[in-house]
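Colleague: Take this structure first; my questions come after.
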Amino acid sequence: MQDEVIDKQAIDRLLDMIGGDPEDLQELLDEFEQSAPDIVASMRTAADEGDLRALRINAHSLKSNATDMGAHRLSAMCASLEAACRDETVREPMAQIDAIDQELTRVRAALTALAGPNG
Amino acid sequence: MPPTERPVRQVATARRRSRWLPHPKSVQAKVLLFVVPVVLLSTMLVFTLFELNARAQAEEELRAKLERLAEIQSAVLAESLWNVNDAQVELILASLITDQDVLAASVFDDRDRLVASVGATDRIERSDYVISREIAFGEAGREIVVGQLELALTDARLAQLRGERLFLTAALAGILLAAVIMATILANKQAVGRPLALLMESINREQQGKSRQAVDWQSDDEIGQVVSAFNAMQRRQSAYEAQLKEASDVLEQRVEERTAGLVKAEAKAQQARAQLTDAIESISEGFALYDPNDRLVLANSTYVRMMYSGIEKDIEENATFETVIRKSVAAGLIPDALKDTDAWIADRMKEHRNPQGPKLQKRRNEEWYRLEERRTDDGGMVVTFTDITELQRAKEAAEAANDAKSAFLATMSHEIRTPLNGIIGMSTLLKDTKLDDEQQDFCDTIETAADTLLTIINDILDFSKVEAGALELEAEPMDLTVAIESSVDLVASRAGEKGIELACRIEPDVPAAILGDPVRLKQILMNLLNNAVKFTEEGEVVLTCALQESHAAEDMAVLKFTVTDTGIGIPEDRMDRLFKSFSQVDASTTRRYGGTGLGLVITKRLVELMGGEITVTSRIGEGTEFSFTLPGRIVAPPKRSRNADLLSAIEGARVLVLDDNRTNRLIISDKLQNWGAVPTEAARPSEALSHLQGAGPFDVVIVDFKMPEMNGLEFTEAAHKALGDGTPPMILFSSITSTERSFREQVGAMNYAAILTKPAKSQQLLAALARTLAPDAQNAAAVAMEMAQPVGRHDLDILLVDDNAINRKVGSKILKRLGYEATVVTSGAEAIEACRERDFHIVLMDIEMPDMDGITAANHIRDLLPEERVPFIAALTANAINSERDAYLEAGMDGYLSKPIDIAALGETLNEALELRLARRAAISAREN
């Protein structure tokens, strides 16, 4: 179940990229843990205000973070939202954001579970 | 109908009735009011009846008299008339009228002629008693009517009698009535009036508040009952009142007592408060108490004076904490707050509401205070200020002293080791020259002595560091297997020489790595193993590592290391001296076995510093067992144990360090020594050359570029000339930022194994050395990392721009890995500001940002800065589409990197950046020329 949500190899790659220190990785995971919900909140505000540009940028942000964390499905959802914003073909943005939020919750749970054994 | 109306109406009705009636105010009158009419009526009735009867009788009699008289007189008159004796008739009539009752009488003859009359004949018709009788003479049966008598009686006498009778009756009635009234009055008075009056009196007495008196009346009737009931009630009332009074008295007394108690308590409280205030005043700290609403309750004068001199009047009771703080800041008492007052105050209030622990605050005149806030049970807050200016100064002085000590230690260690290394080096060199046996022997001795001396000095320096508390332990992931095995390895040869078995066993439940200081752990193991081998003649030495306990929750493990030997053992009475400084078990052993006696002390201290304990058991002639515990957090072993690999690659390597600057030499030598390499220093190129030309081969040479006699490049050239193929690989250190192409070409031509920038970053130096000395698959990763570093690398000023926190972190860490400390900003606007303030070599600009996107920001920067200051701006983009990338280049970006950042690509970009910059500057200088 974890593997579907999080690509472990991506996490390993990330760890490698930043120098192999598990503490650094934990810093990044914590940062993600904290900032991802804020990005989703910004998305909701942007959708509320009809600000396509802000929505696109936030979706872009979350997409790139999700990719770093190996959350490919989440990343894909954000990517399609971003593309829709760019093409101005966004439909029911709130529903999409809700779906993204749900996936984010799964991702965060998976990341927390990952962090467990490594302390 | 509202209830109040009813009684009013009733009262009104009663009043109305009473208006028509006499208003009796006493029972007496009421009774009489009943009795009198009744008696009156009944007497009247009786007497009327009586009267009527009497009157009827009287009339009856009169009528009878009339008849009689009529009869009689007629008879009498008969003869007279026959005889026509008028005189006789008149005589008879005259005697008749003497009867009072006769009113009139008239006699008529047979021819109805009045013969004689007497009396009031005119009133005959008016009388009720009139009779007319025929007067007849004769004998019975043969009567001849001779005349008529008309007789009238008067009831005057009756009337008179009647009057008398009435009078009598009235008198009787009156007397009767009077008697009844008197009787009633008396009876009333007796039976009712008196007792009622007594009752009333008693009630009045009560109303007037006089003492009660029982009503003195006794009778069997209702009045008596009422009286006794009243008396009983009075008694009860009295009893109640007595009880009430008693209770009231008791209550009063209690109240008095309580009041007295309260007054006393109040006095005590006052006293206590005074005591407390005194106490608080007398303490040297500033003390203030705020209530749960953040208002000042009390503050001692120290508090006010210390913290708020100048604004004392604002520190008054009930001022809120925030007010106090604001006033202090406004008065300039807190220098730190002046920068961004509102933010500082907001922070301070946040801390105040949720105090985390004591903190330090700097005030005017460089005074330092320790401020502590604690919540009381009821939600208030106690604030204490302690003047720690002196402490702070002392601390700073101590720190300075400590720093001086550490610097001294470092210098001393270097100063002492250097000549020793010289001696050792020289003796080694000497050994390789032609020597006779005696000289060889001397040489060996020198070498041994020098080695020993080095060990001793290392021990002493370690010891003094430990004693000075200057020994700092690293906390990095330690691969236990590597640490243990390498320690054993180092002892193996000596054990082998002595024919002793050397074994090492790591239990399977021991974790792969824990957090700790691998170098020091090895030092401990080395000490114990060395001792074991030293004091064992035959048999074995075994090193075991086991997991003693673990706490899964916190990933804490406690390991137990044991070194067992079958050596000479330690006598019991010497055991306690074992860990004491400078004592060996036995003076003779020092001579036989050598050693400073410091090893164990240092080992013990190290173990304790690491949080463990060391113990020893031993039996003479049988052997000794040293064991120590080591707690540590279980971590993942260092990835691919790069450092361990690198360290093993350079272990024992002989390194020549050439730098004219003593400090630099010191730094590098220290590092090399810590890594287990053997450095030799040279201050001048000529010195270095002679070292190189000496027989002792060096594995690698570290050369500084900037030197007075000749620069690094020139030295390398000279070395190559002198030694040709035998020239050891060289690592060039450079601190200049020369970007001339010619320089780079020259450097390239020298074929340095690595070029590093100063200050020397440990990791890079280590990697470079490892790569140089053992360029094989083991270091593949290290190599890859090194390759990523641009050749001719100089200290680059890098600006990283990204709105996303994670991207920023990842980017910084990657750059740090490459050895760069990047400046990080979060938006295009900040990037522009940063470029305005500082010269950056390269800007890594995220494109997708809110507010201002990367392209715009880049254009602004380009517009803003003069040409020679414009940095290389590379786009960071998650867009992998080629067309987009090209678009960035067309928009003016100098390059692009896709996210997630690839290290190799980053390295290339950095290279590119450097080259482009050089090209630009060359172009500019060409233009200017």
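The values are calculated or read from the model by the stated rules, or taken from the named source; none is laboratory data. Keep in mind the model is a prediction, meaning the values are calculated, not measured. All Cβ positions, glycine included, derive from the backbone under ideal geometry; neighbour counts span all protein chains shown.
Colleague: Tell me, which residue of segment B:538-563 that is within 12 Å of chain A (Cβ to nearest Cβ) and assigned to a strand (DSSP E or B) is surrounded by the fewest Cβ atoms within 10 Å (Cβ to Cβ)?
Modeller: It comes out as B:H551.
Colleague: What do you reckon, is B:R235 within 56 Å of the chain's Cα centre (by Cα) and basic (K, R)?
Modeller: no
Colleague: Among B:L502, B:L461, which is at pLDDT below 80 and crowded, with 16+ Cβ neighbours inside 10 Å?
Modeller: Checking each option against the conditions leaves just B:L461.
Colleague: Would you confirm whether any residue within segment B:700-708 is modelled with pLDDT of 85 or more, buried (at least 16 other Cβ atoms within 10 Å of the Cβ) and under 18 Å from B:I424 (Cα atoms)?
Modeller: Within segment B:700-708, none of the residues are modelled with pLDDT of 85 or more, buried (at least 16 other Cβ atoms within 10 Å of the Cβ) and under 18 Å from B:I424 (Cα atoms).
Colleague: May I pose another question? Could you list, in sequence order, all residues of segment B:73-121 that are of a type in the set (A, V, I, L, M) and assigned to a strand (DSSP E or B)?
Modeller: Scanning segment B:73-121 gives B:V102, B:L103, B:A104, B:A105, B:V107, B:L114, B:V115, B:A116, B:V118.
Colleague: Just to be sure I understand, how many residues within segment B:892-910 are free of Cβ contacts under 8 Å to residues at least 24 places away in the same chain and within 13 Å of B:M845 (Cβ to Cβ)?
Modeller: Result for segment B:892-910: 3.
The rows are residues; the columns are (1) more than 9 Å from chain B (Cβ to nearest Cβ); (2) surrounded by 20 or more Cβ atoms within 10 Å (Cβ to Cβ); (3) over 12 Å from the mean Cα position of the chain (by Cα).
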{"position": "A:D16", "(1), (2), (3)": "no, no, yes"}
{"position": "A:G19", "(1), (2), (3)": "no, no, yes"}
{"position": "A:E33", "(1), (2), (3)": "yes, no, no"}
{"position": "A:A36", "(1), (2), (3)": "no, yes, no"}
{"position": "A:D48", "(1), (2), (3)": "yes, no, yes"}
{"position": "A:A54", "(1), (2), (3)": "no, no, yes"}
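Colleague: Continuing with the same structure: Right, B:G496: free of Cβ contacts under 8 Å to residues at least 40 places away in the same chain, in contact with a Leu (Cβ under 8 Å, 6 or more places away or on another chain) and not polar (S, T, N, Q) or not?
Modeller: Yes; evaluated as a whole, the condition is true for this residue.
Colleague: Among the residues in segment B:470-478, are any part of a helix (DSSP H, G or I), among the aliphatic types (A, V, I, L, M) and buried (at least 19 other Cβ atoms within 10 Å of the Cβ)?
Modeller: no
Colleague: Would you check which residues across segment B:33-65 are farther than 25 Å from B:A183 by Cα and aliphatic (A, V, I, L, M) and list them?
Modeller: If the condition is that a residue be farther than 25 Å from B:A183 by Cα and aliphatic (A, V, I, L, M), then B:L49, B:L52, B:A54, B:A56, B:A58, B:L62, B:A64 are the ones that fit.
Colleague: B:A880 fails exactly one of the following numbered conditions: (1) at pLDDT below 80; (2) among the small types (G, A, S); (3) more than 23 Å from A:L14 (Cβ to Cβ). What is the number of that condition?
Modeller: Only one criterion is unmet by B:A880, namely (3).
Colleague: Still on this structure, please answer the following. Of all the strands (runs of 3 or more DSSP E) wholly in segment B:807-891, which have at least 3 residues that are in contact (Cβ under 8 Å) with a residue 12 or more places away in the chain and within 46 Å of the chain's Cα centre (by Cα)?
Modeller: B:823-825
Colleague: Could you please find all residues in segment B:110-132 being surrounded by fewer than 18 Cβ atoms within 10 Å (Cβ to Cβ) and farther than 9 Å from B:L153 by Cβ?
Modeller: B:D110, B:R111, B:D112, B:R113, B:L114, B:A120, B:T121, B:D122, B:R123, B:E125, B:R126, B:S132 - these are the residues of segment B:110-132 that are surrounded by fewer than 18 Cβ atoms within 10 Å (Cβ to Cβ) and farther than 9 Å from B:L153 by Cβ.
Colleague: Can you find a residue that is of a type in the set (K, R), farther than 30 Å from B:L766 by Cα and at pLDDT 85 or above anywhere in segment B:827-842?
Modeller: yes
Colleague: Now for a separate question. Of the numbered conditions (1) more than 28 Å from the chain's Cα centre (by Cα); (2) touching a residue at least 24 places away in the same chain (Cβ under 8 Å), B:R295 fails exactly one; give the number of that condition.
Modeller: B:R295 satisfies every listed condition except (1).
Colleague: Residues of segment B:279-308 being part of a helix (DSSP H, G or I), under 26 Å from B:G379 (Cβ atoms) and out of contact with any Asp or Glu (no Cβ under 9 Å at 6 or more places or on another chain), which ones?
Modeller: So in segment B:279-308, the residues part of a helix (DSSP H, G or I) come out as B:279-282, B:301-308.
Checking which are under 26 Å from B:G379 (Cβ atoms) leaves us with B:279-281, B:301-304, B:306-308.
The answer is B:A279, B:I280, B:E281, B:M307.
Colleague: Could you identify the single residue in B:L93, B:L62, B:L52, B:L69 that is exposed (fewer than 13 other Cβ atoms within 10 Å of the Cβ) and either among the hydroxyl-bearing types (S, T, Y) or at pLDDT 85 or above (or both)?
Modeller: B:L52
Colleague: What is the number of the single condition among (1) under 30 Å from B:F705 (Cβ atoms); (2) modelled with pLDDT of 80 or more; (3) surrounded by fewer than 17 Cβ atoms within 10 Å (Cβ to Cβ) that B:I798 does not meet?
Modeller: B:I798 satisfies all of (1) under 30 Å from B:F705 (Cβ atoms); (2) modelled with pLDDT of 80 or more; (3) surrounded by fewer than 17 Cβ atoms within 10 Å (Cβ to Cβ) except (3).
Colleague: Which residues, counting only those in segment B:201-220, are within 25 Å of B:V35 (Cα to Cα) and either loosely packed, with under 11 Cβ neighbours inside 10 Å or at pLDDT 85 or above (or both)? Give the steps one after another, and end with the answer.
Modeller: Pass one, segment B:201-220, residues within 25 Å of B:V35 (Cα to Cα): B:219-220.
Once the filter is applied, which keeps residues that are within 25 Å of B:V35 (Cα to Cα) and either loosely packed, with under 11 Cβ neighbours inside 10 Å or at pLDDT 85 or above (or both), segment B:201-220 yields only B:D220.
Colleague: Quick check on B:V542: is it at pLDDT 85 or above and under 18 Å from B:F628 (Cα atoms)?
Modeller: So B:V542 passes the test.
Colleague: Okay, moving on. Given the residues B:D851, B:D863, which is the only one that is surrounded by fewer than 17 Cβ atoms within 10 Å (Cβ to Cβ), more than 18 Å from B:S812 (Cβ to Cβ) and within 14 Å of chain A (Cβ to nearest Cβ)?
Modeller: B:D851
Colleague: Quick one: how many residues across segment B:599-623 are in contact with a Phe, Trp or Tyr (Cβ under 6 Å, 6 or more places away or on another chain) and at pLDDT 90 or above?
Modeller: Residues flagged as in contact with a Phe, Trp or Tyr (Cβ under 6 Å, 6 or more places away or on another chain) and at pLDDT 90 or above within segment B:599-623 amount to 4.
Colleague: Sticking with this one: Within segment B:654-676, does at least one residue satisfy the condition of being of a type outside the set (G, A, S), closer than 27 Å to A:L25 by Cβ, modelled with pLDDT under 90 and not in a helix (DSSP H, G or I)?
Modeller: Within segment B:654-676 (the criterion being of a type outside the set (G, A, S), closer than 27 Å to A:L25 by Cβ, modelled with pLDDT under 90 and not in a helix (DSSP H, G or I)), the answer is yes, since at least one residue qualifies.
Colleague: Looking at A:P22, A:P37, can you tell me which residue is in contact (Cβ under 8 Å) with a residue 12 or more places away in the chain and touching a Gly at 6+ places or on another chain (Cβ under 9 Å)?
Modeller: From the options A:P22, A:P37, the qualifying one is A:P22.
Colleague: If A:L28 passes every condition in (1) within 12 Å of chain B (Cβ to nearest Cβ); (2) not in a helix (DSSP H, G or I) but one, which one does it miss?
Modeller: Every condition holds for A:L28 apart from (2).
Colleague: Under 9 Å between Cβ atoms, which residue pairs at least 6 apart in sequence (or on different chains) link something in segment A:83-102 that is in a helix (DSSP H, G or I) with a partner that is buried (at least 18 other Cβ atoms within 10 Å of the Cβ) and of a type in the set (D, E)?
Modeller: No pair meets every condition.
Colleague: Would it be correct to say that A:D7 is more than 12 Å from chain B (Cβ to nearest Cβ), touching a helix residue (DSSP H, G or I) at 6+ places or on another chain (Cβ under 7 Å) and of a type in the set (D, E)?
Modeller: Yes; evaluated as a whole, the condition is true for this residue.
Colleague: Hey, can you tell me all the residues within segment B:352-377 that are modelled with pLDDT of 85 or more and exposed (fewer than 12 other Cβ atoms within 10 Å of the Cβ)?
Modeller: The answer is B:D377, and nothing else.
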